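Participant: Quick one: the structure is below, questions incoming.
The values are calculated or read from the model by the stated rules, or taken from the named source; none is laboratory data. Treat the numbers as computed from the prediction; the structure is a model and nothing was measured. Glycine gets a Cβ as well: all are built from the backbone with ideal geometry, and neighbour counts include every protein chain shown.
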């Protein structure tokens, strides 16, 4: 039995994004917003919303309970298109908050006073996905 700690995070995020495609709805604004403050334009990947939601689900699994503020710091980056030195800036909170709300509506997360925590359904989804990744690499 494997879990999210035993597999490559990028492979797990890709598989989770495929699993989340039919379960959560993509907001209309996703095609127009940037993914971080240091980016010049919106992501060109059409699966960006699902990959980011899968990544957020994995972050809550690994570091939970977390809130929007900690995730804004996690997904922020350095701003380099300025005259001054590069400094880390936090990502925008709306897309992160909408992803958390969509995952909550799907039943994978639960809101508590300490922050968002993973539910048994979300833990089961991540564990099953990591098990299929491990079985595919062994066999």
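Participant: Give segment 1-21 a look and list any residue that's more than 14 Å from the chain's Cα centre (by Cα) and either in a helix (DSSP H, G or I) or modelled with pLDDT of 85 or more (or both), or say none.
Facilitator: 7, 8
Participant: Kindly indicate which of 93, 67 is over 30 Å from residue 135 (Cα atoms) and touching a strand residue (DSSP E or B) at 6+ places or on another chain (Cβ under 9 Å).
Facilitator: None of the others qualify; the one that does is 67.
Participant: Filter segment 30-53 for residues that are assigned to a helix (DSSP H, G or I) and crowded, with 16+ Cβ neighbours inside 10 Å; which is modelled with the lowest pLDDT?
Facilitator: Per the stated criteria, the residue is 30.
Participant: Right, something else. Take the conditions in contact with a helix residue (DSSP H, G or I) (Cβ under 6 Å, 6 or more places away or on another chain) and within 26 Å of residue 21 (Cβ to Cβ) and apply them to residue 97. Does it pass?
Facilitator: Spelling it out, residue 97 is indeed in contact with a helix residue (DSSP H, G or I) (Cβ under 6 Å, 6 or more places away or on another chain) and within 26 Å of residue 21 (Cβ to Cβ).
Participant: Right, something else. Could you list, in sequence order, the residues of segment 54-88 that are more than 29 Å from residue 124 (Cα to Cα) and surrounded by fewer than 16 Cβ atoms within 10 Å (Cβ to Cβ)?
Facilitator: Answer for segment 54-88, where residues must be more than 29 Å from residue 124 (Cα to Cα) and surrounded by fewer than 16 Cβ atoms within 10 Å (Cβ to Cβ): 77, 78, 80, 81, 82, 83, 84, 85, 86, 87, 88.
Participant: If you don't mind, there's one more thing I want to ask. Looking only at segment 89-119, count how many residues are within 16 Å of residue 58 (Cβ to Cβ) and loosely packed, with under 15 Cβ neighbours inside 10 Å.
Facilitator: Here the count works out to 0.
Participant: Another question, then. Do you know which residues across segment 68-85 are in contact (Cβ under 8 Å) with a residue 12 or more places away in the chain and outside any helix (DSSP H, G or I)?
Facilitator: Residues satisfying the conditions are 76, 77, 78, 79, 80, 81.
Listed here are the residues, each with its yes/no results for (1) at pLDDT 90 or above; (2) closer than 20 Å to residue 21 by Cα; (3) in a helix (DSSP H, G or I).
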| residue | (1), (2), (3) |
| --- | --- |
| 91 | no, no, no |
| 111 | yes, no, no |
| 116 | yes, no, no |
| 124 | yes, yes, yes |
